1. Where does each of B:TRP480, B:TRP237 land when they are ordered by accessible area, with a 1.4 Å probe and the largest first?
2. How big is the A/B interface in buried accessible area, both sides summed, 1.4 Å probe, to the nearest 100 Å²?
3. Which residues' amide hydrogens lie under 5 Å from the amide hydrogen of B:LEU66, considering only partners 5 or more residues apart or on another chain, with H built in the peptide plane?
4. Pop the C-beta distance of B:LEU29 and B:LEU457 into the FRET formula with R0 = 41 Å and round what comes out to the nearest 0.05.
5. Going by accessible area, probe 1.4 Å, with all protein chains left in place, what is the ranking of A:VAL83, B:VAL252, largest first?
6. 222 nm [θ] for chain B, helices only, -39500 (n - 2.57) per DSSP H run of 4+, per residue, to 500?
7. Using a 1.4 Å probe on the heavy atoms of the protein chains only, list every residue of segment A:165-190 that has 30 Å² or more less accessible area in the complete assembly than in its chain alone.
8. Please name whichever of B:MET222, B:LEU309, B:GLY441 sits farthest to the positive end of the charge dipole of chain B, dipole taken about the Cα centre and charges placed at Cβ: Lys and Arg +1, Asp and Glu -1.
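The values are calculated or read from the model by the stated rules, or taken from the named source; none is laboratory data. These numbers come from a predicted model, not from an experiment. So basically every Cβ, Gly included, is an ideal-geometry build from the backbone, and we count neighbours across all protein chains shown. Each accessible area value is taken on the protein alone, full model and side chains, heavy atoms only, with ligands, DNA and RNA left out. Shrake-Rupley method; radii C 1.70, N 1.55, O 1.52, S 1.80 Å.
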Amino acid sequence: MERFSLDAAHLLAGGMVLVSFMMLYQNRILGLLNVFAAHAVVLSLSVAWQAYIQAAPHLYVTAAIALILKAIIIPVALHHMVVRLGVHRDIETVGGIGPTMLMGIGLVALSMVVMLPAAAEADPIAREDLALALSVILLGLLMMVTRQNAISQIVGFMSLENGLVLAATGARGMPLVVEISVAFSVLVAFIVIGVFLFRIRERFDTIDTQALDDFREGRE
Amino acid sequence: MTAFLHLLPFAPIDALLAVPGAAALILALISSYKLGARLNMLASGITFLFALTLLFERPDPAVGFLFVDDLNIVFIVLGTFVGFTTSIFSASYIGHEIEIGRLKPGYIRFYHGMYQALSLSMNLGLTANNVGLMWVAVELATLTTVLMVGLYRTQAALEAAWKYFILGSVGIALALFGTILIYMAARPVIGEGHDAMVWTTLVAHAAAFSPELLNVAFVFLMLGYGTKVGLAPLHAWLPDAHAEGPTPISAVLSGLLLNVALYALLRFKMLLAANPFAVAPGPLLVTLGLVSLIFAGFMLYLRRDIKRLFAYSSIEHMGLIAFAFGMGGPLANFAGLLHMTMHSLTKSAIFFAVGQVAQVKGTQKIADIRGLTESHPTLGWSLVVGVAAIAGLPPMGIFMSEFLLVSSTFARQPLLAVPLVFGLLIASGALVWRLTGIAFGKPSPSVVDAGKRPSMLPLIIHLILVLIAGLYLPGPLVAWFQNVARMLG
């Protein structure tokens with residue numbers, strides 16, 4: 001049982017790294033959003049599995065937040081936004097997909113080389129989960145660097161954040177995990193609202209609330 | 001004094017959070033600008049008074065999530081003081097911005113509420129006895145300042161807020177990973193749960209932590225909180241955020257928020273220093289500090305916007321402070337603490353002056369601001385004194401701390417002193433050169449007359465404090481700073 005629970009935890013964390021790679025080569029925004037939703041689902045499964053093997057019921061809350069907010073609400077909201085604003089065109093990548101994938105492989109190797117010896121004294125679940133979580137974080141950073149489109153940068157940031165939640169839940173008995181994941185969700189919500197405002201600004205050349213204010217002042 | 005404190009139904013340290021928290025909720029409902037500004041001043045003043053009471057009596061560190069020791073009380077008193085004087089400046093500044101229509105009256109509730117929320121998050125970050133709680137506080141401070149920077153809703157302001165937001169979030173994310181690693185390092189020694197995230201327990205047991213894990217953690221914490229400190233090459237958000245937001249927020253950013261992030265770095269540095277096998281954090285800080293100092297020194301020559309100019313000067317001084325703490329040892333740490341205090345006071349005073357300059361001249365472009373000492377003598381000469389202080393000219397307090405830093409570096413690492421002095425000279429030269437254009441010569445036209453002038457009081461108080469510190473430091477203060485300097489190792 002012990003062996004199996006370890007393997008399952010590593011399988012799920014490794015699955016997140018794999019989905020991170022899938023995000024790197026998506027060249028359409030809508031496809032990217034779908035893959036991000038899959039990333040969040042794997043995260044939620046992984047956190048729920050940690051909650052089960054650590055017998056830590058509060059982690060189920062984190063898993064539920066990941067599932068509802070990141071796998072459903074945010075992708076759907078971004079999807080609507082993208083379709084309505086008509087920006088579902090190809091994503092430009094810097095340096096092409098091949099070199100980006102190679103860099104991604106390099107980053108995963110780097111995080112293995114750094115984390116496995118450093119965390120040797122921690123227990124094995126945490127040790128390998130931590131290395132995989134760092135891979136997810138670095139791949140998210142790589143995505144933010146290589147994409148120029150605001151929405152794909154945000155998806156990169158959110159996948160980075162998924163890596164952080166994975167690391168925090170892998171650290172057995174870490175307090176404040178639920179609070180921190182809520183704090184991060186607030187941050188993400190702000191980002192999404194920010195994008196929304198920015199898109200409006202780009203389209204109408206101004207924020208329309210300001211135009212409304214001017215209009216009202218004119219009538220008073 | 002202490003007898004009086006015992007009569008209170010709550011601990012003064014809780015009041016540091018409760019007063020701004022309650023004030024934020026009340027101010028969010030008050031749309032009258034005059035009443036709001038007064039309440040804002042009152043709340044900041046009360047917070048400052050409670051911070052002062054901590055000098056006399058400290059709470060028991062074993063109880064609750066908050067604690068006070070010799071190190072963070074310096075930051076708390078300084079922070080609440082600058083918060084208080086900035087609220088006085090903000091009252092007249094924001095009044096003028098509403099008059100000229102740059103700020104919509106509807107945003108006043110938002111502005112004052114956020115001001116107190118920022119104060120709350122900074123006090124929480126400084127007093128938290130828990131690495132996770134401190135991280136949450138820094139995140140909260142980032143969010144509130146992002147919203148404040150975008151307050152004017154112009155394209156430039158929104159872009160600055162967005163850039164700050166994205167860079168700040170990445171920084172915060174890296175800091176969280178570092179925090180998780182610290183917990184992982186502590187868990188085998190201290191055990192699971194809250195204790196493994198409490199500062200006081202962490203420092204006591206740090207010698208037994210896995211040094212490899214601590215090293216990796218410090219790299220992430222350094223990059224994460226270093227972004228918030230504004231160390232080059234992680235500084236890109238800082239000039240935009242200072243230039244496009246309301247000037248009181250520029251003063252708070254430079255005078256306070258950078259210090260909170262620096263405080264976090266210092267705490268983790270102490271943690272590493274307590275472990276004999278971990279890598280020495282000093283050289284990392286020294287390198288980043290020198291890079292910031294020299295980079296910002298050169299960038300000062302290229303600036304065209306007056307607020308951006310002083311934002312780069314903040315990068316330069318944060319670099320100096322990081323260098324001082326990186327050098328370590330009683331003398332350099334003392335210089336770092338003194339420099340941090342002096343920089344907070346001087347830089348916020350300069351922003352008070354710059355805010356008024358931008359209002360009377362109607363522009364932030366350096367080329368369009370000339371002959372201030374002739375057209376507005378009090379304001380012009382205060383700015384001259386402030387810039388002379390920040391450029392490190394004697395007899396002001398910054399001269400003293402820079403002198404201490406340079407002499408201690410020469411004594412211990414003469415090779416490092418060369419780039420240090422080079423950077424200092426470059427930066428001072430740029431500031432003095434810019435100042436002559438702004439302050440002297442034929443005055444440029446003003447857009448508002450000197451009839452209704454904002455209060456000069458906060459500006460003058462800050463400059464007098466800096467001048468006094470340059471001439472004479474009281475004995476108890478010196479003894480206290482020496483004690484903290486020893487604590488920092």
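1. If we order B:TRP480, B:TRP237 from most to least accessible, we get B:TRP480, B:TRP237.
2. Working: alone 11270 and 18220 Å², together 25930 Å².
Interface area, both chains combined: 3600 Å², rounded to the nearest 100.
3. Those qualifying (amide H under 5 Å, at least 5 residues apart or on another chain) are B:ASN129.
4. FRET efficiency, B:LEU29 to B:LEU457: 0.90.
5. Most to least solvent-accessible, the answer reads A:VAL83, B:VAL252.
6. Here the helix-only value at 222 nm equals -25000 deg cm²/dmol.
7. Output list: A:ALA171, A:ARG172, A:GLY173, A:MET174, A:PRO175, A:LEU176, A:ILE180, A:ALA183, A:PHE184, A:LEU187, A:PHE190.
8. The one lying farthest along the dipole's positive direction is B:GLY441.
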